[in-house]
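So the structure is just underneath, and the comments pick up after that.
The values are calculated or read from the model by the stated rules, or taken from the named source; none is laboratory data. Quick caveat, the model's predicted, so the values are computed rather than measured. Here the Cβ positions follow ideal geometry from the backbone for every residue, glycine too, while neighbour counts run over all protein chains shown.
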Amino acid sequence: MAKVTSKYQVTVPKKIAEEYRIRPGDEIDWVPAGEAIRVIPAKSQPYADPASRLRWFDQATLRQRRRQSAHPTERTVDRGWRREDLYARGRSR
């Protein structure tokens with residue numbers, strides 16, 4: 001686990017740096033990904049070609065479907081009112 005310094009700097013763990021061939025002076029991109037942050041070495045550019053972009057999109061879609069299936073929402077509950085009732089509320093007819 002890395003810590004953020006007072007200058008907002010983060011040390012890349014050696015094992016990760018070696019695996020992704022990150023060297024001192026290399027640039028990395030910080031990409032927001034929902035509730036996570038994706039750190040991408042700039043030289044890899046995974047979003048450059050359409051096939052890579054499609055693969056990333058498919059992976060994100062699969063993760064979202066898994067999250068939604070783990071917490072199904074009940075939409076069949078009778079609330080005692082309809083959406084249309086909200087638009088007419090407070091108006092004279």
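Counting only residues that are of a type in the set (A, V, I, L, M, F, W, C), over 25 Å from TRP56 (Cα atoms) and not in a strand (DSSP E or B), segment 3-41 holds 0 of them. If you check ARG53, ARG67 for being of a type in the set (Lys, Arg), modelled with pLDDT of 85 or more and either under 19 Å from ALA33 (Cβ atoms) or touching a strand residue (DSSP E or B) at 6+ places or on another chain (Cβ under 8 Å) (or both), only one passes: ARG67.
Does ALA48 satisfy the criteria of being at pLDDT below 80, surrounded by 10 or more Cβ atoms within 10 Å (Cβ to Cβ) and within 20 Å of the chain's Cα centre (by Cα)? It is false that ALA48 is at pLDDT below 80, surrounded by 10 or more Cβ atoms within 10 Å (Cβ to Cβ) and within 20 Å of the chain's Cα centre (by Cα).
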